[in-house]
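Some notes on the structure that comes next.
The values are calculated or read from the model by the stated rules, or taken from the named source; none is laboratory data. Every value quoted in this text rests on a predicted model; they were computed, and no experiment measured them. Heads up, the Cβs are rebuilt from the backbone with ideal geometry, glycines too, and the neighbour counts pull from every protein chain shown. Ligands, DNA and RNA are stripped out before the accessible areas are found, and what is left, the full protein with its side chains, is counted by its heavy atoms. Shrake-Rupley method; radii C 1.70, N 1.55, O 1.52, S 1.80 Å.
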Amino acid sequence: MLREQVLDKTLNLLEQRGLATLSLETVAELVDIPLNELRRFWPDAEALLYDSLRYHGEQIDIWRRQLMLDESLSAPQKLLARYKVLDEQVRQQRYPGCLFIAACTFFPDSDMPIHQLAQQQKMASYDYTLSLLQEMGSDDAEMVAQQMELILEGCLSKLLVKRQLNDVEVARRLAEDVLNVARCREHGALS
């Protein structure tokens, strides 16, 4: 059994059916591994969820680092690349809504490690956005970063519920509009 295979299948299950359906029995059946073998690594569903979210966060971090190093893309293209990935995922019947926020809702105690993981992921996303906006020389980059993150969060939350590809396009266009307004403001066109 490869840890990454179990975590990938678990993430896929979470994206398609939600957190309420997560159980070690379901995952054991999904990956065709005896339950007692799975319990050796993850004693309960909460441990598996935490490990899956940590793994998911690592995948996102790697993707952001690779994107930052891609010199063929401009800063605005790097900012909007999130929506291309979301579009591709939804077309594959994967709904990568914000599993971090969903997990925090499912486990409301803010002292739980899942909340710390979610906070780290949200800060990493904000830092990524802010860094690219600063690279662009955006006026009031902090505020624009907050707007961009709110658009992304709204899209991710809506994907968890509605699962509609059109929402990704609407969010992408709204993010693009925010970037265009920020550029206009930075060049004095809105003064």
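Of all residues in region 136-174, count the ones that are over 14 Å from Tyr126 (Cα atoms) and hydrophobic (A, V, I, L, M, F, W, C).
11
Is there any pair linking a residue in region 89-111 that is closer than 18 Å to Leu48 by Cβ to one that is of a type in the set (Lys, Arg) and open to solvent by 40 Å² or more (accessible area, probe 1.4 Å), with Cβ under 8 Å and at least six apart or on different chains, and which?
Phe100/Lys122
May I ask you to verify whether Arg64 is at pLDDT 90 or above, surrounded by 14 or more Cβ atoms within 10 Å (Cβ to Cβ) and under 30 Å from Ser138 (Cα atoms)?
Against the criterion (at pLDDT 90 or above, surrounded by 14 or more Cβ atoms within 10 Å (Cβ to Cβ) and under 30 Å from Ser138 (Cα atoms)), Arg64 qualifies.
Being surrounded by fewer than 19 Cβ atoms within 10 Å (Cβ to Cβ) and out of contact with any helix residue (DSSP H, G or I) (no Cβ under 9 Å at 6 or more places or on another chain) is the requirement here; does Leu69 meet it?
Yes: the conditions hold for Leu69.
For residues that are acidic (Asp, Glu) and out of contact with any helix residue (DSSP H, G or I) (no Cβ under 8 Å at 6 or more places or on another chain), scanning just region 75-121, find the one that is surrounded by the most Cβ atoms within 10 Å (Cβ to Cβ).
Of everything passing the filter in region 75-121, Glu88 is surrounded by the most Cβ atoms within 10 Å (Cβ to Cβ).
For Asp167, state whether it is crowded, with 17+ Cβ neighbours inside 10 Å, outside any helix (DSSP H, G or I) and of a type in the set (D, E, K, R).
Criteria not met by Asp167.
With the checklist (1) closer than 21 Å to Ala145 by Cβ; (2) not in a helix (DSSP H, G or I) in hand, flag the one item Gln93 doesn't pass.
(1)
If I ask for residues that are modelled with pLDDT of 95 or more and either touching a Cys at 6+ places or on another chain (Cβ under 8 Å) or hydroxyl-bearing (Ser, Thr, Tyr) (or both), which ones from region 126-166 would you list?
The answer is Tyr126, Tyr128, Thr129, Ser131.
Looking at region 96-116 only, could you name the residues that are within 17 Å of Glu149 (Cα to Cα) and assigned to a helix (DSSP H, G or I)?
Answer for region 96-116, where residues must be within 17 Å of Glu149 (Cα to Cα) and assigned to a helix (DSSP H, G or I): Leu99, Phe100, Ile101, Ala102.
With the structure loaded, tell me whether Leu13 is at pLDDT below 95 and either small (Gly, Ala, Ser) or surrounded by 18 or more Cβ atoms within 10 Å (Cβ to Cβ) (or both) or whether it fails that test.
Spelling it out, Leu13 is indeed at pLDDT below 95 and either small (Gly, Ala, Ser) or surrounded by 18 or more Cβ atoms within 10 Å (Cβ to Cβ) (or both).
Six or more apart or on different chains, Cβ under 7 Å: which pairs go from a residue in region 157-169 that's over 15 Å from Gln16 (Cβ atoms) to one that's assigned to a loop (DSSP other than H, G, I, E, B)? Could you list them?
Ser157/Gly97; Ser157/Cys98
Name the one entry in Asp127, Asp177 that is free of Cβ contacts under 8 Å to residues at least 60 places away in the same chain, closer than 22 Å to Ile60 by Cα and part of a helix (DSSP H, G or I).
Exactly one residue qualifies, and that residue is Asp127.
Might you let me know whether region 26-34 holds any residue that is crowded, with 18+ Cβ neighbours inside 10 Å, β-branched (Val, Ile, Thr), free of Cβ contacts under 8 Å to residues at least 24 places away in the same chain and assigned to a helix (DSSP H, G or I)?
Looking through region 26-34, at least one residue is crowded, with 18+ Cβ neighbours inside 10 Å, β-branched (Val, Ile, Thr), free of Cβ contacts under 8 Å to residues at least 24 places away in the same chain and assigned to a helix (DSSP H, G or I).
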